[in-house]
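I have placed the structure first, in the form of structure tokens, so that the comments after it can refer back to it.
The values are calculated or read from the model by the stated rules, or taken from the named source; none is laboratory data. Given the structure is predicted, the values throughout are model-derived calculations rather than measurements. Neighbour counts are summed over all protein chains in view; Cβ atoms, including those assigned to glycine, are modelled from backbone coordinates with ideal geometry. Areas reflect the complete protein model, heavy atoms only, side chains present, ligands, DNA and RNA absent. Shrake-Rupley method; radii C 1.70, N 1.55, O 1.52, S 1.80 Å.
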Amino acid sequence: MPEGDSVWRAAAELHQALAGQTLTASDFRVPRFATLNLAGWTVEEVVPRGKHLLMRVVGPEERKLTIHSHLKMEGTWQVYLPGGRWRKPGFTARCVLRTAAADAVGFSLGILEVVRTADEDTIVGHLGPDLLGPDWDLAEAEQRIRAAPDVPIGVALLDQRNLAGIGNIYRCEACFLSGVHPATPVSAVHDLRTLMTDAKQLLEANLGPGRRVTILNPRGMPVGRMAGRPGYWVYRREHQPCLKCRTPIRRGVLGKPNGEEERDIYFCPQCQPVVS
Ligand SMILES: [Zn+2]
């Protein structure tokens, strides 16, 4: 599952390359849209919405369509000079968009579909407030999470209907910063707003180039980008000492009550005691 910052960066790069440009060719390599040809259409904008990418295009008679993609686990969009050699195997390409200035190729996309722009709500209307969006609403996100008080906070944070943009890395890191074990029921998390605000700050700190880092200085700037320094407080640091108390970090598993979508969690048993 991608983190919201990856999708935000992908949208920014695609917008930079394509916005205002007319497509000279399009190639949708999924059966449902294999015959769709958007040559002559103009890319209006590319925007992220949670973990969804929305590429809005305008065609004849002001018709508006949205190319919707989701990166899921392996997906990526790459921008090349026209005719440039792809860095991923051709058979994994799902969408190719050409302009006079660039080729944009979506590889291994988890979702690729084209809908009327007026119908975007059917795709992203269920999403909670977007941590990286202009409409971020802390109170609304808190209300949505608190509506299910028995759900573990680590599960609630990944549920994009509550708030959009958090993946496994940021849920583990934000829970650590708040001293909250991810299995803690929502009802026992007292300062949910600080936890969400921390997650937002971590995402925002990683919108630029360079590797993802969640260790920030007091001004919110990443400090862990130097080689050999840990980039994360707990994520994938099993058995390594906690950076606050030296207790070995532990790994566990957390999923929905029905066993679906189990994902690894990482936590410090000392800094994040289990509360039930
Ligand atoms: Zn600790």
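Computed values, structure above
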item: Gyration tensor (alpha-carbon) shape descriptor, the stretch 66-107, a/c threshold 1.5; result: oblate
item: Accessible surface of the stretch 4-124 [probe 1.4 Å, protein heavy atoms]: carbon and sulfur percent; result: 50 percent
item: Net charge of neighbours whose Cβ lies under 12 Å from the Cβ of LEU192, counting Lys and Arg as +1 and Asp and Glu as -1; result: 0
item: Residues of type lysines that LYS88 reaches as a straight line, Cα spacing below 28 Å, ignoring anything fewer than 8 places off in the same chain; result: LYS51, LYS72
item: Gain on full stretching of the segment that runs from ARG193 to TRP136 - 0.36 nm per residue minus C-alpha separation; result: 19.3 nm
item: Surface per residue (accessible, 1.4 Å probe) for the stretch 52-209, Å²; result: 42 Å²
item: Extension gain, VAL30 back to ARG87 (0.36 nm per residue minus Cα-Cα distance, nm); result: 18.5 nm
item: Ellipticity estimate at 222 nm from DSSP helix runs (n ≥ 4, -39,500 (n - 2.57)) divided over the chain, nearest 500; result: -6000 deg cm²/dmol
item: Relative compactness, the stretch 5-89, computed as alpha-carbon Rg over 2.2 N^0.38 Å; result: 1.09
item: 4 °C / 1.567 mPa s Stokes-Einstein diffusion coefficient of the chain, Kirkwood radius on C-alpha pairs, µm²/s; result: 65 µm²/s
item: Relative intensity, log₁₀ I(q)/I(0), of the stretch 129-243 from a Debye sum that treats every alpha carbon as a point, q = 0.10, 0.17, 0.21 Å⁻¹; result: -0.29, -0.81, -1.17
item: J(HN,Hα) series, the stretch 129-137, from Karplus relation 6.51 cos²θ - 1.76 cosθ + 1.60, nearest Hz, glycine and proline x; result: x, 8, 4, 10, x, x, 9, 3, 9
item: Percent RCO, i.e. relative contact order, over the stretch 132-276, from Cα pairs under 8 Å lying at least 6 residues apart; result: 23 percent
item: 19 Å Cα-Cα reach of LYS200 towards aspartates and glutamates, excluding residues that sit fewer than 8 places from it in its own chain; result: GLU3, ASP5, ASP130, ASP135, ASP137, GLU140, GLU142, ASP159, GLU173, ASP191
item: Packing rank of 116-126, 64-74, 205-215, where each peptide gets the mean count of other beta carbons within 10 Å, highest leading; result: 64-74, 205-215, 116-126
item: Gained length - ALA118 relative to THR42, 0.36 nm times residue gap less alpha-carbon distance; result: 25.7 nm
